[in-house]
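The values are calculated or read from the model by the stated rules, or taken from the named source; none is laboratory data. Only a predicted model underlies this, so the values are computations on that prediction, with no experimental measurement involved. Here the Cβ is made from the backbone with ideal geometry for all residues, glycine too, and neighbour counts use every protein chain on show. Only protein heavy atoms, including side chains, enter the accessible area calculation; ligands, DNA and RNA are left aside. Shrake-Rupley method; radii C 1.70, N 1.55, O 1.52, S 1.80 Å.
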Amino acid sequence: NGAEPLRHYDFDLFTIGAGSGGVRASRFAANFGASVAVCELPFSTISSETTGGVGGTCVLRGCVPKKLMVYASKYSHEFDESNGFGWKYDTEPKHDWSTLMANKNAELQRLTGIYKNILNKAGVTLIEGRGKIVDPHTVDVDGKLYTARHILISVGGRPFIPDIQGSEYAIDSDAALDLPSKPEKVAIVGGGYIALEFAGIFNGVTSEVHVFIRQKKVLRGFDEEIRDFVGEQMALRGIQFHTEESPQAIVKSADGSLSLKTNKGTIEGFSHIMFATGRRPNTKNLGLESVGVKINKNGAIEVDEYSRTTVPSIWAVGDVTDRINLTPVALMEGAALAKTLFQNEPTKPDY
């Protein structure tokens, strides 16, 4: 019937990216009897073209370290409230930032080890290095070629900093989770939940926090009462909101402090300026265009309802497809894909 002759591949599935979606798809596929390999960049708390780590965004530079820092930041409010419940202490509690960072990073090392172990136990081959697609069935990892019946792209997204004058002085959410010292006075640009989570964290560890949003209110797209309530409560905690302000430039002074110029004026004296202005799919330098995988204008991989790209043997799940960018969604898409490919049970992700 004109079908291609059965050729021999090194693996049934080769996954590029060992974050939530990639690990889930690979582990399930291996449990269904497929031979599976995953490639991932070496571990680092901050992602780059050359660093990443098994576990991906949520585990290494998202939900997990964020929660640890939220827990740290909540104590200051509890100390304040404890006096009314009869607690007395002679000196104000002090926070040691370097202890928090060291313990947080030790926990990330432990978790990346657990994820490696999960893959190992499932019988998945883990290859450290940068994967690039050479043809519809071949991946090059740092010069070594691997063939696979199916290739899965699950490389996630990266924070996006707009290109304004002085943007090289700004930090993103990756860097904000791993600062060498506590910010004394921080500007956070953005009004979404990543911006507000960091505003709460830095406010709790007693930094002076300013939040700059383009809209009148925070959390665009959320319930209106929640938007009002969150904004009011955060302002009561001492977080200063600058509404309907768009950043235009960052200027670094001789003393190292930063000024943020917006459409309404300039505020000076920031130790840090953080942008929480969205994330973009991490699709550069993967060789996608050369093999014919279609990418939309935001850099996201276009997929059908079964997570298949425009190349029949190449699939994509998670934030790289820019569908619904949340950890449980990537897990669900990865599980659905493993069923589609290796259980003879075509399964559409169910949002």
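Structure notes:
- The peptide list 301-314, 198-211, 72-85, 266-279, put in order of mean Cβ contacts within 10 Å with the highest first, becomes 198-211, 266-279, 301-314, 72-85.
- Per-peptide average of other Cβ atoms within 10 Å, ordering 134-145, 17-28 highest first: 17-28, 134-145
- Global form of the range 193-251, assessed from the alpha-carbon gyration tensor, a/c cut-off 1.5: oblate
- Extension reserve of the THR51-LYS264 stretch, reckoned as 0.36 nm per residue once the Cα distance is removed: 72.9 nm
- A Förster distance of 35 Å, applied to the separation of the beta-carbon atoms of ASP228 and GLN109, puts the FRET efficiency at 0.30.
- Whole-number percent relative contact order across the range 162-276, with pairs defined as alpha carbons under 8 Å at least 6 apart: 35 percent
- Where the chain is the region considered: accessible area per residue in Å², 1.4 Å probe: 50 Å²
- Within the accessible area of the range 162-276 (1.4 Å probe), percent carbon and sulfur: 48 percent
- For the chain, share of DSSP beta bridges that run antiparallel, in % to the nearest 5: 40 percent
- Net length gained if the chain between LYS252 and ASN285 were fully extended (0.36 nm per residue, minus Cα distance): 8.7 nm
- Charge context of ALA316, other residues only, Cβ under 12 angstrom, K/R +1, D/E -1: -2
- Charge tally for GLU128 (other residues, Cβ to Cβ under 11 Å; Lys, Arg +1; Asp, Glu -1): 0.
- Angle between the chain longest axis and helix 97-122 axis [Cα atoms, degrees, rounded to 10]: 20 degrees
- Taking every lysine pair in the range 162-276 that is 8 or more places apart or spans two chains, those with Cα atoms closer than 24 Å amount to 13.
- Cα gyration tensor category, rounded, prolate or oblate, for the range 188-325 with a/c compared to 1.5: prolate
- Cα centroid separation, the range 158-224 to the range 67-128 (Å): 20 Å
- For THR99 and SER44, the FRET efficiency from 1/(1 + (r/R0)^6), where r spans their Cβ atoms and R0 equals 22 Å, is about 0.60.
- Most simply put, the range 162-276 has about 40% antiparallel DSSP beta bridges, counting only bridges with both residues inside it.
- Where labels lie 7 Å past Cα in the beta-carbon direction, separation of GLU78 and LYS348 in nm: 4.6 nm
- Degrees, to the nearest 10: 63-82 long Cα axis against longest axis of the chain: 20 degrees
- J(HN,Hα) series, the range 89-94, from Karplus relation 6.51 cos²θ - 1.76 cosθ + 1.60, nearest Hz, glycine and proline x: 9, 6, 10, 5, x, 10
- The Cβ shell under 10 Å around ARG214 holds other residues with a net charge of 0, Lys and Arg each +1, Asp and Glu each -1.
- The chain: angle of helix 20-31 to the longest principal axis, Cα-based, in degrees nearest 10: 30 degrees
- Relative contact order (%) - criterion: Cα under 8 Å, at least six apart; region: the chain: 21 percent
- The mean sequence separation of alpha-carbon pairs under 8 Å and at least six residues apart, normalised by the residue count of the range 211-318, gives a relative contact order of 14 percent.
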